[in-house]
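Remarks on the structure that follows.
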Amino acid sequence: MRKEIEGYSYDFSTAESIVKFDGPGHHLTHAMKAVDVVIEMPGRRLYIEVKDFDAHRTEMQREGRDVSDEEWQRDLRAELVYKFRDSLLYHWCQKKPEKKSIFLFLTDWTDSALLNALSQDLDQRFPRKRHAKTWSTVWQRTFVETLLVLNDHLWNQSPLLRAMGTISRIK
């Protein structure tokens, strides 16, 4: 299956569906945030948020907010956490079949230090199997299988992601 959404072409041969999730069909935009794209795969659900660095900063400027590097990164981290959690909760409320959840932040950034820093920060905000010693006495399971921060080049270099499908930026 192939679809073009949010400036990218998604090509996933075994996808059950590829949808623009934050569009009019979401129906709860007044109450819940949503990621841009959801790809249903056998046994997996990919939640993808697409962000253009310059567009995010411009949006903050338009709203009259501080656009220092520290501030826009803090704003972006908070936005991503809510988009991922709300999207997962939305599917849970719909009683969708449980699948492994893969959260992906897809950006046009090429700065590996920035990608890595955001990845590490987001990793601390979601309970994952590798954090089991920290929260295992409280939570008995996790809702995030994988969480990645990457660009289209890194996506297509990843054996895990490339095996599921490829993406390319629409020029």
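The values are calculated or read from the model by the stated rules, or taken from the named source; none is laboratory data. Worth saying up front: this structure is predicted, and the values here are computed from it rather than measured. Don't worry about glycine lacking a Cβ; one is built from the backbone with ideal geometry, like all the others, and counts go over all protein chains shown. Calculation scope for accessible area: heavy atoms of the full protein, side chains included, ligands and nucleic acids excluded. Shrake-Rupley method; radii C 1.70, N 1.55, O 1.52, S 1.80 Å.
Before moving on, here are some points about what is shown:
- Förster radius 45 Å - calculated FRET efficiency between LYS95 and ARG162, Cβ distance, rounded to 0.05: 0.90
- In the chain, Cα pairs under 8 Å separated by at least six residues give a relative contact order of 25 percent.
- Sequence of ASP75, ASP54 when ordered by accessible area, the most exposed leading, probe 1.4 angstrom: ASP54, ASP75
- For ASP111, the solvent-accessible surface with a 1.4 Å probe is about 80 Å², rounded to the nearest 10.
- Spatial separation of Cα centroids for segment 82-120 and segment 1-80, in angstrom: 9 Å
- Solvent-accessible area, 1.4 Å probe, carbon plus sulfur percent, for the chain: 51 percent
- Rolling a 1.4 Å probe across the protein heavy atoms gives segment 1-102 an accessible surface of 55 Å² per residue.
- Residue with peak Gaussian network fluctuation, the chain [Cα springs, cutoff 10 Å], from ARG125, ARG62, ARG45: ARG62
- For segment 1-113, the C-alpha radius of gyration sits at 1.13 times the compact-globule guess of 2.2 N^0.38 Å, with N the residue count.
- GNM flexibility winner over the chain from MET60, MET32, MET41 (Cα, springs under 10 Å): MET60
- In the assembled protein chains, SER112 presents an accessible area of approximately 90 Å² (probe radius 1.4 Å).
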